[in-house]
Amino acid sequence: MREMRDTRRTTRNTRPSRPTSIIVLSVFYTFLFAAMLVYISYSSTVNKQKYINNNYNTRQKILLAQNTRGKILSRDGDVLACTETDKKGKEVRKYPYGNEFAHIVGYASNGKAGVESFANYYLINTGIDLAEKVSYDSKKQKYPGDDVTTTLSVKLQEVCCKALSSRRGAIVVTDPKTGEVLAMVSKPDFDPNTIEKDWKGFLEDKSDNANLLNRATQGLYPPGSTFKIVTSLAYLREHPKDYEDYTFTCKGRVSEGDNTISCYHGEKHGSLDLYKSFAKSCNSSYANIGLSVKQSTYNDVLKDLMFNDRLPEDFLYSRSKAKYKDNMSKGDVMQLAIGQGATAVSPMHMNMITAAIANNGTLMKPHVIKQITTADNKIVESYGGEEYKRLMSEEEARILTEMMTQVVEKGTASKLKGLSYTAAGKTGSAEFNSSKSDSHAWFTGFAPAEDPQICITVIVEDAGSGGSFAVPIAKRVFDAYFGIG
Ligand SMILES: [Zn+2]
């Protein structure tokens, strides 16, 4: 398990955080990490793996001299990475899908990333039996390394890539019942086939593209209104019996001292209960809710939802940040309640919270590796179906599911209404500077609402509202999953 520590200094003003600096900083850490690979070994849960995974470890070199690096496969057996040997005996790592699986499958030169990195131990070892080895020996061939079958779907990955098109952003698709990662896309991306040639250019690129950064796990973004899921849970903890009695009249904005929170585009939402506040994504109502919740309740919820903490991921990732600090001004509390200010979250983390809601409150351990097999199809290891942690009670998950269903039925995700499947979710339009047009478009949700099978989190950088730009992308992925269109 690895993580990147983000030591960015957070300021306590109420201005939204600036993702450009976050991205730049994350890029810095990515490159720092790549540089560090020269000196340090990967950490791993198994000491033996840790030992072998050291790039400069003699044992690894010996293994690569004996064994050809194994294949990485999709859940359906499509080859995502393989090693071909030319006539001169030179081994070349091939990635048939090019950019499409760039961040998730990763690369095996210039350091390692993605599945190539955390499944390295298996890829360079071989589990074939002695008789097989003798057969390869007689042909003077290297032994085939073990193959890694992932949980990834080529179909969904392709749909995600096309849906995000040339926009910067990320999409994470998981199965909430098993924790399987079905697709993960981050853009801009790179072609792992030409990574060695392109490497220097990426390092020298001073733009915000950060092609090597896996935005799905390493990108930290202001969550905007998707964070109202968190604030709602804090409110439900304090009002388990009377949350339905909540009322608020939205006049388009709410002020506390010098701080004013406005609803999106200054809209006045009028008389609201909790469900309507959520469905309409009323900032004024949620600022009001945030101010009503005790600091300790809020921070307990943040802890339960794994903010400021480790996440169960094999990927390189950034820790999400959210805290109700001591002596926080009312303005800052209002910002916290609507997912602005110093709060920052990765798309993968938002997907985990959403998946837990979809799975009656329990987060299944997210995983990309389904099975390890030898070249002659003997199973070495299988993964999956492991509970990681209960993030909330079953009743809380049920209420949040109902609230997220109303977002589709009566609120900001209406583009998912009236389809052959019932979706549930939350949109977000996360502002990242004072100009009102600058917002990241978010959607996080699942379907079918009554028996969730697929959980999708989308962020499109600097696109506009979540309802207009992230929901249609999620719809394309849902449609593909349910075999529509
Ligand atoms: Zn409002």
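Taken over the range 156-198, residues that are farther than 21 Å from SER346 by Cα and touching a Cys at 6+ places or on another chain (Cβ under 9 Å) amount to 0. Of everything in the range 181-191 that is outside any strand (DSSP E or B) and open to solvent by 10 Å² or more (accessible area, probe 1.4 Å), the residue that is farthest from GLU450 (Cα to Cα) is ASP191. On inspection, ASP198 does not qualify as out of contact with any strand residue (DSSP E or B) (no Cβ under 8 Å at 6 or more places or on another chain), of a type in the set (D, E, K, R), away from the ligand (no atom under 16 Å from the Cβ) and outside any helix (DSSP H, G or I).
Beta carbons closer than 8 Å, at least 6 apart along the sequence or on distinct chains, pair a first residue in the range 282-296 that is among the small types (Gly, Ala, Ser) with a second that is near the ligand (Cβ under 10 Å from one of its atoms) and part of a helix (DSSP H, G or I) for SER285/SER277. Comparison of LYS410, LYS389, LYS378 shows that the only residue that is in contact with a helix residue (DSSP H, G or I) (Cβ under 6 Å, 6 or more places away or on another chain) and open to solvent by 50 Å² or more (accessible area, probe 1.4 Å) is LYS410. Checking each residue in the range 157-174 for being surrounded by fewer than 22 Cβ atoms within 10 Å (Cβ to Cβ) and closer than 24 Å to PHE118 by Cα picks out GLU158, CYS161.
Restricted to the range 245-273, and to residues there that are open to solvent by 40 Å² or more (accessible area, probe 1.4 Å) and small (Gly, Ala, Ser), the residue that is farthest from VAL333 (Cα to Cα) is SER271. A single entry from THR422, THR401, THR362 fulfils the requirement of being over 24 Å from PRO240 (Cβ atoms) and in contact (Cβ under 8 Å) with a residue 24 or more places away in the chain: THR422. The set of residues in the range 107-155 being open to solvent by 10 Å² or more (accessible area, probe 1.4 Å), charged (D, E, K, R) and within 29 Å of the chain's Cα centre (by Cα) consists of LYS112, ASP147, LYS155. Spot the failing condition for ARG390; the list is (1) touching a strand residue (DSSP E or B) at 6+ places or on another chain (Cβ under 9 Å); (2) more than 25 Å from VAL301 (Cα to Cα), and only one is missed. Here ARG390 meets the rest and fails (2).
Residue by residue, here is whether (1) polar (S, T, N, Q); (2) under 21 Å from THR427 (Cα atoms); (3) buried (at least 17 other Cβ atoms within 10 Å of the Cβ) holds:
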| site | (1), (2), (3) |
| --- | --- |
| VAL301 | no, yes, yes |
| LEU311 | no, no, yes |
| PHE315 | no, no, yes |
| ARG319 | no, no, yes |
| ASN327 | yes, no, no |
| ASP332 | no, no, yes |
| ILE338 | no, yes, yes |
| ALA342 | no, yes, yes |
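Answer with yes or no whether MET352 is within 20 Å of GLY466 (Cα to Cα) and more than 16 Å from the ligand (Cβ to nearest atom). Yes: the conditions hold for MET352. Could you go through the range 356-368 and let me know if any residue there is under 15 Å from the mean Cα position of the chain (by Cα), surrounded by 24 or more Cβ atoms within 10 Å (Cβ to Cβ) and in a helix (DSSP H, G or I). Checking the range 356-368: at least one residue is under 15 Å from the mean Cα position of the chain (by Cα), surrounded by 24 or more Cβ atoms within 10 Å (Cβ to Cβ) and in a helix (DSSP H, G or I). Can you name the number of the only condition in (1) away from the ligand (no atom under 16 Å from the Cβ); (2) buried (at least 24 other Cβ atoms within 10 Å of the Cβ) that LEU236 fails? All conditions are met except number (2).
The values are calculated or read from the model by the stated rules, or taken from the named source; none is laboratory data. Predicted, not measured: the structure shown is a model, and the values here were computed from it. Reconstructed Cβ throughout: ideal geometry from the backbone, glycine too, with neighbour counts over all protein chains shown. Calculation scope for accessible area: heavy atoms of the full protein, side chains included, ligands and nucleic acids excluded. Shrake-Rupley method; radii C 1.70, N 1.55, O 1.52, S 1.80 Å.
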